[in-house]
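First the structure, in the form of structure tokens, and then the observations on it.
Throughout, read-outs are computed from the coordinates displayed, never taken from laboratory work. Since the structure is predicted, the reported quantities are computational estimates derived from the model, not experimental observations. All Cβ positions, even for glycine, are placed from backbone atoms using ideal geometry, and neighbour counts span all protein chains on display.
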Amino acid sequence: MNLEKELTMKTHDHHHDQTEQLNAAWEKSQQNEIIEYLNAGGKLAGQIEKVPGFTEALNRQLDTLDCSDGRVVSGAKMGLAGEGIVADEKEKEILAAELIRRREELGRKLTITGHEGCGAAALMHPGPDSDKYGYQGAEQLATQTGNEYLAVSHAEFKSPVHNERALLLECTGRFDAANWENFPPQFISSAPAFKLGDAYLKKEMPALTGIALSDHGLGARFTVENPFYIIISANDQTELDHLTSLAEETLKDFGNRVKIDGFIAPAEKKD
Ligand SMILES: [Zn+2]
């Protein structure tokens, strides 16, 4: 067999495997009780508290900044697309100050990771070297803020494919949704918790939603009946209302395959 033919067959195998993996991920996530509940028209407010594990997940000390990418979970996770690669200079300053403050509050270093095959890095630095920029940015951020850097390869991913059913807009800074098995597979943006502002979210939200709705993610499996969910974990009603309108406005071009819901997080429980 000549090399070209062999490579073509490998690519076909890869696509075939990936489709199988995406189908399996979709079927599994269809059984998720929060997805079932939302698809049946339920609202999270006043209900998500009843899902087992909620209180524990909501009161965790977060110690890791990973990419928003649902495949990457390296600890009690906060997420930002490409670990903040879409942030402008001013937003990067806010983020760095917050990562220093959190390290001091935690009393030990946070882990900041970069990862293989980063879609946000590819968006900001198209081409074969995009991962390199992703790794560099994460490492720089770790060094600058006195935190630990870790590179995450494909072999260490939680899922081999983009299985995200939701984008969590995380406002509380203490919600460990990534390690709560009853929460749907998700992208996480901790931008609201980091106080990065609306302009930042207007860049990040469509980028992440776009991955989910593309062939890299669950894509065409999302429909009006089975939409991609934006879930907001808000501190109060004002924040919930504000982010709901911001998400509606920012994501309107995606149409009715995207739905937005959220809840107000109960007050923090300290030991
Ligand atoms: Zn990424």
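What the table below lists for this structure:
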read-out: Karplus-derived 3J(HN,Hα), 6.51/-1.76/1.60, for each residue of the range 220-228, Hz, glycine and proline x; value: 5, 5, 6, 9, 4, 6, 10, x, 7
read-out: Cα gyration tensor of the range 101-169 - equivalent ellipsoid semi-axes, whole Å, descending; value: 23, 17, 12
read-out: Amide H within-cut-off set for Leu168, under 5 Å, with H built and near neighbours excluded; value: Phe187, Ile188, Ser189, Ile231
read-out: Pairwise Cα inverse-distance average, inverted: Kirkwood Rh of the range 125-235 (Å); value: 15.8 Å
read-out: Radius 12 Å from Cβ of Ala121, net charge of other residues (Lys, Arg +1; Asp, Glu -1); value: -4
read-out: Backbone HN-Hα couplings from phi across the range 241-250 [Karplus 6.51/-1.76/1.60, Hz, Gly and Pro as x]; value: 5, 4, 6, 4, 5, 4, 5, 4, 5, 5
read-out: Descending semi-axes in whole angstrom, ellipsoid equivalent of the chain, from the Cα gyration tensor; value: 28, 25, 17
read-out: Helix-only [θ]222 nm of the chain, DSSP H runs n ≥ 4, -39500 (n - 2.57) each, per residue, nearest 500; value: -12500 deg cm²/dmol
read-out: Relative contact order, percent, the range 30-264 [alpha-carbon distance under 8 Å, six or more residues apart]; value: 23 percent
read-out: Highest-first arrangement of 213-222, 57-66, 163-172, where packing means the average Cβ count within 10 Å; value: 163-172, 57-66, 213-222
